[in-house]
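A.B. asks: Got a structure here, written out as C-alpha cells. Questions coming.
The values are calculated or read from the model by the stated rules, or taken from the named source; none is laboratory data. The shown structure was predicted, so the numbers you read here are calculated from the model rather than taken from an experiment. Reconstructed Cβ throughout: ideal geometry from the backbone, glycine too, with neighbour counts over all protein chains shown. With ligands, DNA and RNA removed, areas are computed over all heavy atoms of the protein, side chains included. Shrake-Rupley method; radii C 1.70, N 1.55, O 1.52, S 1.80 Å.
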Amino acid sequence: MAAMHCGIKRNAAREDLTLIVSDFPATAAGVYTTNLVFAAPVGWDRKQTPSDTIRAVIVNSGNANACTGEQGDRDCQQMAHLAANVVGAQADQALVLSTGIIGEFMPLKKVAAGIDALSQRLASDEAALEAAARGMMTTDTVHKIASRTVSLGAKSVQITGMCKGAAMIGPNMATMLGLVLTDAKIPAQQLQRMLTEIVEDTFNCISVDGHMSTNDTVLLVANGAAENQALAGADLEKFQTALQQVCAQLARKIPEDGEGATHLITIEIHGCATRQAARAIACSVGNSPLVKTAVAGADPNWGRIVSAAGYAGVPFDPSGVDLRVNGHLLYQSGAPVKFGAAQVSASIRDSRDTLLELTFREGDSKIRFWTTDLTADYVRLNADYHT
C-alpha cells in the first residue's frame, strides 16, 4: 500500500489518495449505506461484491464523488481501471472508496497522476499502513487502525483494519469508510455473511449527529496468502471473534474522534423484547440533541434520557425502567430516586467517557451503542466545512 497528496485537498501536507494492492486475487465483501442518494463508488462496489477476484482498492479523500451523475460514474470506473492496471488486472477487480465534499466532480487528471506515482511507492511496512489510513481522513483528527493476529492450526492469520469518520455519523451506516484486510483464505459468500453480521454490532452501533451519508462503505478483503484450511468449528469462531474485535475497536474510534466532541458516550440498553427494539431506543437516546448537550454540560438530566427512550417507537412499560449514569442510579421503576447531583455531574465532567445504562423489563435483548456529546465546536466545524 501507499498514500500521497495528489491535489484533491487544498492542504498539500495531507494525504488524499491511497492505493492498496494484493499479490493474489482476493475475496471481498461489502456493506454499504442505505441512503437512496448514494455516491458513485458505492454503486460500483455493490456490483463487484461479493467477489473472489479483487486485486486493488483505491481510496480518495476530499471529494465524495456523490451527486455527480453519469460523469461521476465514469470517473469512478476510470479510477478502478487505473488502480487495477497497476497489477495488470481488469477494472472489475478493483474497488473504490471516496469521501469528502458532495457534488463536486473528481479531478481525474490529478488522481490518474497520483495512482501512477503510488504504483512506484508500494510498501508493506507500518509507515505505509499509517500513511494509507491518513489518506482516508477528512475532518478526522487522528488516523484509525486496529489489528489482531489469530492462530488457526499451524497457520498465523493477520486481520488489520483502517477507517475514517468524525461527523455525518448515523446508522445505517455512518459517514465513514472502513477497510479490513486479512491474509486468511475465506470463500466470498462466507466472508459476506460474516461482515454483514459483524457490522450490525459495530459500525451500525455508532452515531455522532444521526445524519446518514451518501458514501458509507465497509469492505472486507481476504487474499488467502496465509494458506489456512477452510474455516470451520473452533477456527471459524476464533477468526470471527478477532474480526469482531477489530471492527468494534475501529467503530468506537469514530465517535471517540467526533467533531468538536468532549465526551464519548456509551449507551447500554438491557431487558428489551428484541434486539431491534434495543437498537431503536439506543439510537433515539444517542441522537437526541438534548441528551448530547446535557452530557457536554455535565448535567445529569435524567428526564431527557428517559423521554428520548419514550419516543423511540418501541412499546414498553414505563414503570419498569431504570437509569444509571456512570454507575449512579438516577431513576428506578419509572420514578426518580435521590442521588448526589454534584457527584454525578463531576463524574461526567472529569472524564471523557460517559456511560448511560437503561434497563427495561420486557425481555433479555441488549445492545451497546457509542455516540458523542454536542458542542459549539461541532456547529462551527460544520458551518465552515464547505465555505
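A.B. asks: Residue by residue through region 289-348, note down the ones that are in contact with a Gly (Cβ under 6 Å, 6 or more places away or on another chain) and assigned to a helix (DSSP H, G or I). Outline the logic, then answer.
C.D. replies: Residues of region 289-348 in contact with a Gly (Cβ under 6 Å, 6 or more places away or on another chain): 318-319, 321.
Those that are in contact with a Gly (Cβ under 6 Å, 6 or more places away or on another chain) and assigned to a helix (DSSP H, G or I): 318, 319.
A.B. asks: Which ones in region 259-288 are in a helix (DSSP H, G or I) and surrounded by fewer than 23 Cβ atoms within 10 Å (Cβ to Cβ)?
C.D. replies: So in region 259-288, the residues in a helix (DSSP H, G or I) come out as 275-286.
If the condition is that a residue be in a helix (DSSP H, G or I) and surrounded by fewer than 23 Cβ atoms within 10 Å (Cβ to Cβ), then 275, 276, 277, 280, 284 are the ones that fit.
A.B. asks: Same structure again: On the given criteria, is residue 99 out of contact with any Phe, Trp or Tyr (no Cβ under 6 Å at 6 or more places or on another chain), of a type in the set (S, T, N, Q), assigned to a strand (DSSP E or B) and at pLDDT below 95?
C.D. replies: Working: out of contact with any Phe, Trp or Tyr (no Cβ under 6 Å at 6 or more places or on another chain): yes; of a type in the set (S, T, N, Q): yes; assigned to a strand (DSSP E or B): yes; at pLDDT below 95: yes.
Yes: the conditions hold for residue 99.
A.B. asks: Then there is this: Enumerate the pairs (first residue in region 115-127 and of a type in the set (Lys, Arg); second residue anywhere and outside any loop (DSSP other than H, G, I, E, B)) with beta-carbon separation below 6 Å, excluding pairs fewer than 6 apart on the same chain, so at least 6 apart or on different chains.
C.D. replies: The qualifying pairs are 121/2.
A.B. asks: Still on this structure, please answer the following. Could you list, in sequence order, all residues of region 309-359 that are surrounded by 17 or more Cβ atoms within 10 Å (Cβ to Cβ), in contact with a helix residue (DSSP H, G or I) (Cβ under 6 Å, 6 or more places away or on another chain) and farther than 16 Å from residue 294 by Cβ?
C.D. replies: 312, 314
A.B. asks: To continue, here is another question. Pairs, please: C-beta under 7 Å, at least 6 apart or cross-chain, first residue in a loop (DSSP other than H, G, I, E, B) and in region 224-237, second basic (Lys, Arg)?
C.D. replies: Sorted first by the residue in region 224-237, then by its partner, the pairs are 224/185; 226/155; 226/185; 227/155; 227/185; 228/155; 228/185.
A.B. asks: Among the candidates 273, 251, 277, single out the residue that is hydrophobic (A, V, I, L, M, F, W, C) and touching a Cys at 6+ places or on another chain (Cβ under 9 Å). Don't jump to the end; show me each part of the working.
C.D. replies: Values: 273 fails: touching a Cys at 6+ places or on another chain (Cβ under 9 Å); 277 fails: touching a Cys at 6+ places or on another chain (Cβ under 9 Å).
Just a single option satisfies the conditions, and that option is 251.
A.B. asks: Next up: Got a number for residues in region 216-241 being of a type in the set (Gly, Ala, Ser), at pLDDT 90 or above, surrounded by fewer than 21 Cβ atoms within 10 Å (Cβ to Cβ) and at negative phi?
C.D. replies: Restricting attention to region 216-241, the residues satisfying the condition of being of a type in the set (Gly, Ala, Ser) are 222, 224-226, 230, 232-234.
Among the residues that remain, those that are also at pLDDT 90 or above are: 222, 224-226, 233-234.
Remaining after also requiring surrounded by fewer than 21 Cβ atoms within 10 Å (Cβ to Cβ): 224-226, 233-234.
With the extra rule that they be at negative phi, the set shrinks to 225-226, 234.
Result for region 216-241: 3.
A.B. asks: Then there's this: What number of residues within region 55-74 are farther than 23 Å from residue 165 by Cβ and within 26 Å of the chain's Cα centre (by Cα)? Write out each step before concluding.
C.D. replies: Step one: list which residues in region 55-74 are farther than 23 Å from residue 165 by Cβ, which gives 55, 69-71, 73-74.
Then drop every residue that is not within 26 Å of the chain's Cα centre (by Cα), which leaves 55, 69, 73.
Selection size over region 55-74: 3.
A.B. asks: I'd like to check something: does region 179-197 contain any residue that is open to solvent by 30 Å² or more (accessible area, probe 1.4 Å), among the small types (Gly, Ala, Ser) and part of a loop (DSSP other than H, G, I, E, B)?
C.D. replies: no
A.B. asks: Check region 19-30 and report whether any residue there is outside any strand (DSSP E or B) and touching a strand residue (DSSP E or B) at 6+ places or on another chain (Cβ under 9 Å). Let's see the steps before the verdict.
C.D. replies: Filtering region 19-30 for residues outside any strand (DSSP E or B) gives none.
Within region 19-30 (the criterion being outside any strand (DSSP E or B) and touching a strand residue (DSSP E or B) at 6+ places or on another chain (Cβ under 9 Å)), the answer is no, since none of the residues qualifies.
A.B. asks: Okay, moving on. Please find, within region 112-164, the residue that is surrounded by the most Cβ atoms within 10 Å (Cβ to Cβ) out of those that are out of contact with any strand residue (DSSP E or B) (no Cβ under 8 Å at 6 or more places or on another chain), more than 16 Å from residue 58 (Cβ to Cβ) and among the hydrophobic types (A, V, I, L, M, F, W, C). Please lay out each step first, then the result.
C.D. replies: Within region 112-164, the first condition is being out of contact with any strand residue (DSSP E or B) (no Cβ under 8 Å at 6 or more places or on another chain), and the residues that meet it are 112-113, 116, 120, 124-127, 139, 141-142, 152-155.
With the extra rule that they be more than 16 Å from residue 58 (Cβ to Cβ), the set shrinks to 124-127, 139, 141-142, 152-155.
The next check asks that each one be among the hydrophobic types (A, V, I, L, M, F, W, C); those that pass are 127, 142, 152, 154.
On the way: 127: 9, 142: 12, 152: 19, 154: 8.
My answer is 152.
A.B. asks: What are the pairs, 6+ residues apart or on separate chains, where a residue within region 144-155 that is more than 23 Å from residue 132 (Cα to Cα) and among the basic types (Lys, Arg) has its Cβ under 7 Å from a residue that is assigned to a loop (DSSP other than H, G, I, E, B) and open to solvent by 50 Å² or more (accessible area, probe 1.4 Å)?
C.D. replies: From residues that are more than 23 Å from residue 132 (Cα to Cα) and among the basic types (Lys, Arg), the pairs are 155/227.
A.B. asks: In addition: Considering only region 44-76, state which residues are surrounded by fewer than 17 Cβ atoms within 10 Å (Cβ to Cβ) and not β-branched (Val, Ile, Thr).
C.D. replies: From region 44-76, those surrounded by fewer than 17 Cβ atoms within 10 Å (Cβ to Cβ) are 46-47, 52-53, 67, 69-71, 73-74; that's our starting set.
Result: 46, 47, 52, 67, 69, 70, 71, 73, 74.
A.B. asks: Another question, then. Listed residues 250, 264; which is under 21 Å from the mean Cα position of the chain (by Cα) and over 14 Å from residue 145 (Cα atoms)?
C.D. replies: Values: 250 fails: over 14 Å from residue 145 (Cα atoms).
Only one candidate passes the filter, namely 264.
A.B. asks: For the structure I just gave you, tell me whether residue 264 is over 29 Å from residue 72 (Cβ atoms), modelled with pLDDT under 95 and not acidic (Asp, Glu).
C.D. replies: Numbers: over 29 Å from residue 72 (Cβ atoms): yes; modelled with pLDDT under 95: no; not acidic (Asp, Glu): yes.
No: the conditions fail for residue 264.
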